Amino acid sequence: MEKLKGWNEFEIGTLLFPFEKQANENLGKHASERAYRQDSSYTASVAHWRVNKPVYNHDHCINCFNCWVFCPDASILARDDKMSGVDYVHCKGCGVCAQVCPTNPKSLIMFSDYMSEEDALTQWPTKESKAKEA
């Protein structure tokens with residue numbers, strides 16, 4: 001398997017074009033079927049500098065896709081019109097997905113990168129009650 005470039009191996013201000021050629025044709029294909037360049041953000045990983053990671057809890061997800069739309073690294077995985085998880089190879093742990101999640105409790109919460117997903121799910125918060133106005 002080819003070694004992926006790390007974030008510190010790129011020149012400052014580098015612009016990474018995702019496709020080798022035929023960008024318009026590639027956009028119509030699923031990500032796993034696209035012809036990405038070897039130095040694109042799809043093949044290059046910045047995950048090793050992540051401190052926290054988003055953990056996904058499908059029990060609370062309403063499939064609004066806010067996380068998918070706002071993720072700067074296309075690390076939110078979706079299949080058949082439903083969110084299916086997080087691509088930890090490309091996720092840099094910025095937390096945008098957790099911030100834009102509208103559910104109560106959130107379906108994406110940031111946890112330490114060293115915590116297993118199973119342990120994080122056991123620590124999931126319960127629904128917060130809204131204060132009634134008088």
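Values computed for the structure shown
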{"read-out": "Selection count, segment 38-65, where residues are modelled with pLDDT of 75 or more and at negative phi", "value": "17"}
{"read-out": "Among (1) farther than 16 Å from ILE62 by Cβ; (2) part of a loop (DSSP other than H, G, I, E, B) - the single one PRO102 does not satisfy", "value": "(1)"}
{"read-out": "Residue tally, condition among the hydroxyl-bearing types (Ser, Thr, Tyr) and either surrounded by 19 or more Cβ atoms within 10 Å (Cβ to Cβ) or under 20 Å from VAL46 (Cβ atoms) (or both), over segment 89-118", "value": "3"}
{"read-out": "Residue in segment 116-129 that is among the polar types (S, T, N, Q), touching a Lys or Arg at 6+ places or on another chain (Cβ under 8 Å) and assigned to a loop (DSSP other than H, G, I, E, B) present", "value": "no"}
{"read-out": "Which listed residue is in a loop (DSSP other than H, G, I, E, B), under 15 Å from the mean Cα position of the chain (by Cα) and of a type outside the set (Val, Ile, Thr), from LYS132, LYS92", "value": "LYS92"}
{"read-out": "Failed condition for LEU15, given (1) modelled with pLDDT of 70 or more; (2) exposed (fewer than 12 other Cβ atoms within 10 Å of the Cβ); (3) among the aliphatic types (A, V, I, L, M)", "value": "(1)"}
{"read-out": "Selection count, segment 72-88, where residues are closer than 23 Å to GLU118 by Cβ and either open to solvent by less than 30 Å² (accessible area, probe 1.4 Å) or not polar (S, T, N, Q) (or both)", "value": "11"}
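The values are calculated or read from the model by the stated rules, or taken from the named source; none is laboratory data. All of these numbers come straight from a predicted model, not from anything done at the bench. Positions of Cβ are generated from backbone atoms using ideal geometry, with glycine treated the same way; all protein chains shown enter the neighbour counts. These accessible areas exclude ligands, DNA and RNA; they are computed on the full protein's heavy atoms, side chains included. Shrake-Rupley method; radii C 1.70, N 1.55, O 1.52, S 1.80 Å.
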